[in-house]
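A.B. asks: Below are the structure tokens for one structure; questions will follow.
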Amino acid sequence: MGKSFDKLCGTNYPLSICFIVVNEFCERFSYYGMKALLTLYFVTYLKWDKDLSTAVYHAFSGLCYFTPILGAIIADSWLGKFRTIIYLSIVYVIGHVVKSVGAIPTVGNTDVHIALSMVGLILIAIGTGGIKPCVAAFGGDQFDEEHVSERQKFFSIFYMSINAGSLLSTLITPVLRGDVKCFGGDCYALAFGVPAALMIVALVVFIAGSSLYKRNPPQGNILLQVCKCIGFAIKNRWRNSKHEPKRKHWLDWAEEKYSKRLIQEVKMVLRVLVLYIPLPMFWALFDQQVWVYKPKKTTFSQCVSVHYSRFWCIPVKDHRLKLSSHCPRQTVEDNVEKNTDGKPYVRFFSTLQEAMNITVGQVNFYAPPDYSMSSNVTVDRNEYPAVHCDLQSEDCPGLNLGLLDFGASYTFILMKESGQIVAHRMEDVKANSVHIAWQIPQYVLLTAGEVMFSITGLEFSYSQAPSNMKSVLQAGWLLTVAFGNVIVLIVAEGAGLEQWKEFVLFAGLLLGVCIIFSVMSVFYKYVEPENMDKINLEDTKEEDEGDGKKSSMMLDKTGKSTKL
């Protein structure tokens with residue numbers, strides 16, 4: 001259209017990508033900040049059991065990666081990427097606000113809180129999933145076709161902004177919930193409100209760059225045309241393959257009705273989508289880092305360092321690789337609630353004739369009388385040589401609980417011995433005995449693999465897509481994540497394997513998939529974007545010249561069928 005776009009500091013990088021990268025940082029802060037507290041919110045605020053909490057958590061996560069196809073269709077077929085990002089970001093913001101209001105205890109009863117939370121989560125899933133394929137593809141659109149290397153580096157920067165936002169939100173929002181008290185308890189309303197505010201910032205920043213963006217207009221309902229083209233090719237081949245000569249590709253059977261350009265574009269998309277078939281297994285293994293509840297004894301490692309290590313691993317091409325990990329490895333029994341902080345669990349079993357109040361650090365316990373059990377609560381890791389306790393009938397000297405260590409679960413039996421109350425300690429779950437440093441090589445390998453896999457996948461999905469189907473193919477890439485999580489749920493809930501056997505199974509499957517994918521990639525023919533444009537231009541000229549001939553052919557066929 002002849003319009004020139006501002007460049008960044010004399011380079012070939014468009015100035016507009018600054019707004020896109022900042023928008024992505026804020027959006028990822030918003031999403032992961034909310035998600036970091038989601039299961040805790042279900043268990044401690046809505047009082048759901050662990051099975052329901054896990055089911056809703058994964059249903060939400062899955063929806064976030066299935067809705068990109070909706071956003072891609074809207075962007076490529078109707079509104080264009082720019083307006084799709086704007087409108088779905090507004091839906092996203094509304095979802096966050098509704099979710100935050102649902103976390104205010106004074107707003108209605110539990111049913112109202114649940115309803116607001118579910119509505120908010122659905123809107124968030126539509127918003128975050130809908131804009132996912134559009135933002136990355138829109139960023140790629142800002143570059144001229146000849147600036148391929150700059151566009152490749154942009155996807156690295158784009159991915160770094162994703163993990164920078166994820167890291168900071170995972171660190172900050174749990175602090176807001178735990179350290180800030182409101183309405184007499186943990187402040188979920190504030191912890192959800194801050195991500196909502198960041199999403200508003202993301203929307204404002206994106207709109208601020210409106211005058212700088214290069215915008216490709218939508219080109220009609222492309223996905224519908226693709227489906228019709230595939231359907232016609234299959235139908236035509238089924239009916240006429242015995243009577244007409246074979247064709248080079250099965251999609252060529254659609255030439256009687258559809259243009260060569262569309263057929264060529266469909267071939268490109270299908271080649272890439274076929275190449276994506278093995279990829280969900282990568283995400284099935286990678287997402288084992290995320291904890292899930294299980295009906296039996298399970299292990300997990302809850303790590304903000306996953307995002308931290310990704311953040312520093314991204315400049316792989318600059319030969320830098322760095323990782324930091326501070327995650328306690330945790331073992332949880334059936335009778336122990338989810339330990340999100342790696343703190344020790346403590347409970348008291350009283351054999352005394354009257355109730356006792358016990359204070360361990362900042363936590364108060366009520367031990368009922370006559371062989372009853374107190375609640376099971378996490379406390380800070382520390383030495384507790386003289387814990388304060390309170391009995392109405394007599395003085396209670398300090399109880400010696402000793403060291404309460406990371407990852408352990410303790411039951412203290414309160415008894416009277418020699419006229420004094422003592423606490424006999426039982427270690428239900430042993431404290432962590434393996435140093436966290438042993439996880440560093442694992443996270444280095446996982447993170448390095450994920451960074452190279454994700455950035456390459458984003459750039460490949462963009463470069464191999466026809467100009468009118470960029471968002472659709474980005475959505476196809478994101479769907480591999482969704483199907484990977486589906487595989488995890490099927491194996492975790494259906495197979496009933498021990499945790500280590502699951503890990504071995506996933507690792508073995510991924511090894512097999514790597515071999516299959518390597519063979520598939522050998523046969524894949526990479527298409528340079530500029531070459532695709534030349535092919536399309538030539539095909540368009542041929543179609544213009546042959547329009548009259550094709551029309552007469554169609555009329556002849558119509559005449560024959562009428563005569564019959």
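A.B. asks: Run the quick spin-label model on TRP500 and TYR87: label points 7 Å from Cα toward the beta carbon, then report their separation in nm to one decimal.
C.D. replies: Once both label points are built, they end up 5.4 nm from each other.
A.B. asks: Tell me, what % of the accessible area of the stretch 67-142 is carbon and sulfur with a 1.4 angstrom probe?
C.D. replies: For the stretch 67-142, the apolar C and S fraction of the accessible surface comes to 78 percent.
A.B. asks: Another question about this same structure. Any chance you could check the Cα centroid distance between the stretch 75-117 and the stretch 210-235 for me, in angstrom?
C.D. replies: 28 Å
A.B. asks: How do CYS396, CYS227, CYS134 stack up against each other in accessible area, from largest to smallest, with a 1.4 angstrom probe?
C.D. replies: Largest accessible area first, the list is CYS227, CYS396, CYS134.
A.B. asks: Treating only the Cβ of Lys, Arg, Asp and Glu as charged (+1, +1, -1, -1), what charge dipole size does the stretch 117-227 show about its Cα centre? Round to the nearest 20 debye.
C.D. replies: Dipole size: approximately 220 debye.
A.B. asks: OK, next. Per residue Cα convex hull volume for the stretch 107-195, in cubic angstrom?
C.D. replies: Enclosed volume per residue, from the Cα hull, is 93 Å³.
A.B. asks: Over the stretch 23-69, with the other protein chains present, what is the accessible area per residue in square angstrom, probe 1.4 angstrom?
C.D. replies: That works out to 30 Å² for each residue.
A.B. asks: Moving to a separate point now. Please report, in whole Å³, the volume per residue of the convex hull around the C-alpha atoms of the stretch 1-132.
C.D. replies: Per residue, the Cα convex hull of the stretch 1-132 comes to 124 Å³.
A.B. asks: In addition: Given the pairs LYS35/LYS470; LYS153/LYS214; LYS50/LYS132; LYS35/LYS214; LYS181/LYS343; LYS228/LYS525, which are separated by over 22 angstrom at their Cα positions?
C.D. replies: With Cα atoms farther than 22 Å apart: LYS35/LYS470; LYS50/LYS132; LYS35/LYS214; LYS228/LYS525.
A.B. asks: Can I ask one more? Could you give the distance between the Cα centres of the stretch 397-465 and the stretch 162-176, to the whole Å?
C.D. replies: Measuring centre to centre over Cα atoms gives 20 Å.
A.B. asks: Separation between the LYS242 and MET118 pseudo-spin-labels, each 7 Å from Cα along Cα→Cβ, expressed in nm?
C.D. replies: The answer from the label model is 5.4 nm.
A.B. asks: In addition: Looking at the stretch 421-463, what % of the alpha carbon pairs are farther apart than 13 Å?
C.D. replies: Value for the stretch 421-463: 72 percent of Cα pairs lie more than 13 Å apart.
A.B. asks: Could you tell me the accessible area of LYS50 in Å² (1.4 Å probe, neighbours in place), rounded to the nearest ten?
C.D. replies: That residue has around 50 Å² of solvent-accessible surface.
A.B. asks: May I pose another question? So what is the orientation-averaged projected area of the stretch 194-244, using the convex hull of its C-alpha atoms, in nm²?
C.D. replies: So the Cα hull casts an average projection of 6.7 nm².
The values are calculated or read from the model by the stated rules, or taken from the named source; none is laboratory data. Everything numeric in this text was worked out from a predicted model, so none of it was measured. Glycine also receives a Cβ, built like all others from the backbone with ideal geometry; neighbour counts cover every protein chain displayed. Remember, those area values only see protein heavy atoms, side chains included, never the ligands or the DNA or RNA. Shrake-Rupley method; radii C 1.70, N 1.55, O 1.52, S 1.80 Å.
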